[in-house]
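Working notes for the structure below.
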Amino acid sequence: MAGRQGISWTVLAVLLAGCNRTAPEFRPYLTPRRAVAMESNGYADYIAAAQSVESKSNALDLQNPKAPAKLLDRTAYDGPAQKAALAMCEDAIKLIRGAASKRFEWDYVPVGPFSAPPYAKGWRLIGRCMAWKIQKAVNAGDDASAINWFGIATTYGFRLTQGGTSEASLGLVIANEARQAIVPRLPAMSPEALRKLADTTVKCLEAKGTLENAMAHEGDNMIAAVDYIQEQYQKNDLGPVLTELGPPSREAVTFLQELNPNSPKRKEYFDGFAAEAQDEEKLIYACARKSGEARTKLYAERDEQLKKASWRPWKRFSMSFFSAGRSLLSMNDECLARTRLLGLEALLRAEVIVNKTAPASLGGLPTALRQDPYTGKPFFYRVDGRTYHIYSAGENFKDDAGLSDDSDTSPDLLLEKVDKK
């Protein structure tokens, strides 16, 4: 009997000790990066340019309180609005042009979920103004000016791809608009202008670099999302999360609401959530130098691992917060493919005009232009005398003989429509 009582007291002592254990401390998972020197840094000029536009826009809005929409917020611009925007962005564009000769290093600050990145509106309007300048030169038949502004706008857009995924996607949009603005002029360009356009395109591409910085910055954003969810959990205020993510997130939110803060499971949850973010960052960072086809295989392997996870209650949050990197890489494929195709199209047209026949292969054309980012192999090219057809495999990584839809995107991806007459 005494022995049994002794065992009972021992068990009780252990239980009491367990009750008195200190709960795991809450800790942030994001480690701040070192600050970047802004002296002689083109990025500082980019910030100043955006601030200039936003400041002038705010002043203009105060002067015209009855205006139908703020210049910064518009999605469509008529003649008077374009004129006002161009005047407003004149000083900012000078800053952007002056930054071209400077080193460019982004001092990135992570953006938490549901927060808009700074400077985006100013940068967006500057990009629109550059596209309008290209269009104006194209309409006037001024090839030298059109090509010059194409180079300025494309370089500007490509430099923005060194930020986070929001800034990078904006940069790709700006580069796309610059290309789309000059494409209609190709049939009327001289061989000299076409070669100048191709040379400018090569220089823009060579200066672009990969999206490794953007993927590293997106890694910070993903960890910032983990910290945000943990902060809302700690404050017992997960309602805003449900509001922003909608009904599909209800199960994930409910799980956290019922998770005891003093339970070891709480630390296990957030450690696992953060580890998944870090693993995704490693994946997308490695994928920044790979073709779309190679990335697809790596994604499949990673996603299969996640499917086999025995405990992953943060899955819905991961789906919402950890997908931007992959989406940006896909967007980059399309922009790169069409920008390279533009350079090739310009050179092929010049050859046909001068030599009365298209080259037999792409082998003699610049290396920076020949590779299809979707496959990592040369673009598909067919030639018959003066007639040629050049295109990208697109997202299915196959040769569909150049067949495509109305958007020239699928199954094969083409340069935006150009009159080949």
Count - residues of segment 170-218 that are at pLDDT 95 or above, assigned to a helix (DSSP H, G or I) and under 29 Å from Q278 (Cα atoms) = 11
Please state which of the following conditions M215 fails to meet, knowing it meets all the rest: (1) surrounded by fewer than 24 Cβ atoms within 10 Å (Cβ to Cβ); (2) out of contact with any Pro (no Cβ under 7 Å at 6 or more places or on another chain); (3) aliphatic (A, V, I, L, M).
-> (1)
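Do the conditions hold for S169, that is, is it closer than 29 Å to C287 by Cβ and either without any contact (Cβ under 8 Å) to a residue 40 or more places away in the chain or not hydrophobic (A, V, I, L, M, F, W, C) (or both)?
Numbers: closer than 29 Å to C287 by Cβ: yes; either without any contact (Cβ under 8 Å) to a residue 40 or more places away in the chain or not hydrophobic (A, V, I, L, M, F, W, C) (or both): yes.
So S169 fits the description; yes.
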Segment 375-421, residues that are assigned to a strand (DSSP E or B), among the hydroxyl-bearing types (S, T, Y) and under 21 Å from the mean Cα position of the chain (by Cα) = S392
Selection within segment 363-393 - surrounded by 15 or more Cβ atoms within 10 Å (Cβ to Cβ) and more than 22 Å from T409 (Cα to Cα) = L365, P366
Selection within segment 37-46 - buried (at least 19 other Cβ atoms within 10 Å of the Cβ) and either of a type in the set (V, I, T) or in a loop (DSSP other than H, G, I, E, B) (or both) | none
Would you check if there is a residue in segment 12-19 being more than 22 Å from A131 (Cα to Cα) and modelled with pLDDT of 85 or more?
-> no
When P248 is evaluated against the numbered criteria (1) surrounded by fewer than 12 Cβ atoms within 10 Å (Cβ to Cβ); (2) assigned to a loop (DSSP other than H, G, I, E, B); (3) in contact (Cβ under 8 Å) with a residue 60 or more places away in the chain, which criterion, by number, is the only one it fails?
-> (2)
Restrict the check to segment 281-291 and report whether at least one residue is among the aromatic types (F, W, Y), out of contact with any Phe, Trp or Tyr (no Cβ under 7 Å at 6 or more places or on another chain), farther than 28 Å from A188 by Cα and in contact (Cβ under 8 Å) with a residue 12 or more places away in the chain.
-> yes
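Residue under question is A49, and the condition is that it be exposed (fewer than 13 other Cβ atoms within 10 Å of the Cβ), under 29 Å from the mean Cα position of the chain (by Cα) and at pLDDT 85 or above; does it hold? Before the answer, list the steps.
Numbers: exposed (fewer than 13 other Cβ atoms within 10 Å of the Cβ): no; under 29 Å from the mean Cα position of the chain (by Cα): yes; at pLDDT 85 or above: yes.
So A49 does not fit the description; no.
Could you grab me the full set of residues in segment 251-267 that are in contact with a Gly (Cβ under 9 Å, 6 or more places away or on another chain) and more than 10 Å from Y233 (Cα to Cα)? Before the answer, list the steps.
We begin by selecting, within segment 251-267, every residue in contact with a Gly (Cβ under 9 Å, 6 or more places away or on another chain); these are 253.
Residues satisfying the conditions do not exist here.
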Those residues of segment 251-288 which are closer than 19 Å to Y228 by Cβ and among the small types (G, A, S), in sequence order | A252, G272, A274, A275, A277
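Residue-by-condition table, conditions (1) farther than 17 Å from F114 by Cβ; (2) surrounded by 14 or more Cβ atoms within 10 Å (Cβ to Cβ):
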| site | (1), (2) |
| --- | --- |
| K235 | no, no |
| G239 | no, no |
| K267 | yes, yes |
| G272 | yes, yes |
| A275 | yes, no |
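The values are calculated or read from the model by the stated rules, or taken from the named source; none is laboratory data. What you see is a predicted model, and the numbers here were worked out from it, not measured in a lab. When we count neighbours, we look across all protein chains shown, and the Cβ atoms used for this are built from the backbone with ideal geometry, even at glycine.
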